[in-house]
Each structure stands twice: as C-alpha cells, then as structure tokens.
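Q: One structure is given below, represented as structure tokens, and several questions about it will come after.
The values are calculated or read from the model by the stated rules, or taken from the named source; none is laboratory data. As the structure is a computational prediction, the values presented were derived from the model and not from experiment. Cβ placement follows ideal geometry from the backbone for every residue including glycine, while neighbour counts extend to all protein chains displayed.
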Amino acid sequence: MFYCYILKSLKSSKYYIGTSKNIEERLKLHNAGKIKSTKKNKPWIAIYYEKFTTLKEARKRELQIKRWKSRKAIERLIKTFKI
C-alpha cells in the first residue's frame, strides 16, 4: 500500500504534500529534521491521507493536489477527511 499524505506545520501552519509507503515513519523523519524541505517548519502533524495500490497512483495524486496551488482547495479536501 502507498499513500499520498498532507502534513501541517504546527510552527507555521504551512502544508506539505508527499507520498510514502509508511506515513508514520515518514512523519518521524520530517519531525527529526531529516527532510530538507520541511526541516525549518517542524513539528508536523499528519492531517490527511489517501491509500493507493501503486506508487505511480500515489505520485499522480500528489502532483494533482500540488498543481492546485490553492490553500483553500487543499483545506476543502482536508475537511472531507477524518483521521
């Protein structure tokens, strides 16, 4: 199983969209400062995810969400989801 996920920074309220096979381990890496693009805005919390059978599908969804470039569109998506 692969995931497309959205994290939210507790420091800056920014969103990060990514893909992973293991969201929990990936979140630990983000919060440990091991991911360059999220290092400055830690800590992060997972607020949204979708499951996919292939990495290709998860990456396709990640890129689709990133193309929105709209905080409001991302927040509408998040509101439809309960972790």
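Q: Inside the stretch 47-74, can you point out the residues that are under 19 Å from Lys11 (Cα atoms) and surrounded by 13 or more Cβ atoms within 10 Å (Cβ to Cβ)?
A: Ile47, Tyr48, Ile74
Q: Name the residues in the stretch 43-76 that are in contact (Cβ under 8 Å) with a residue 40 or more places away in the chain, in a helix (DSSP H, G or I) and touching a Leu at 6+ places or on another chain (Cβ under 9 Å), would you?
A: Listed by number, the list holds a single entry, Ile65.
Q: For Trp44, indicate whether it is surrounded by 11 or more Cβ atoms within 10 Å (Cβ to Cβ), modelled with pLDDT of 95 or more and closer than 22 Å to Phe2 by Cα.
A: When the stated conditions are applied, Trp44 passes them.
Q: Cβ-Cβ under 9 Å, sequence separation 6+ or interchain: first residue in the stretch 26-42 and touching a residue at least 24 places away in the same chain (Cβ under 8 Å), partner part of a helix (DSSP H, G or I) and among the polar types (S, T, N, Q). Which pairs?
A: Final answer for the pair search is Thr38/Asn31; Lys42/Asn31.
Q: Does Leu29 satisfy the criteria of being surrounded by 12 or more Cβ atoms within 10 Å (Cβ to Cβ), out of contact with any helix residue (DSSP H, G or I) (no Cβ under 6 Å at 6 or more places or on another chain), more than 18 Å from Phe81 (Cα to Cα) and of a type in the set (A, V, I, L, M)?
A: Details: surrounded by 12 or more Cβ atoms within 10 Å (Cβ to Cβ): yes; out of contact with any helix residue (DSSP H, G or I) (no Cβ under 6 Å at 6 or more places or on another chain): yes; more than 18 Å from Phe81 (Cα to Cα): yes; of a type in the set (A, V, I, L, M): yes.
Criteria met by Leu29.
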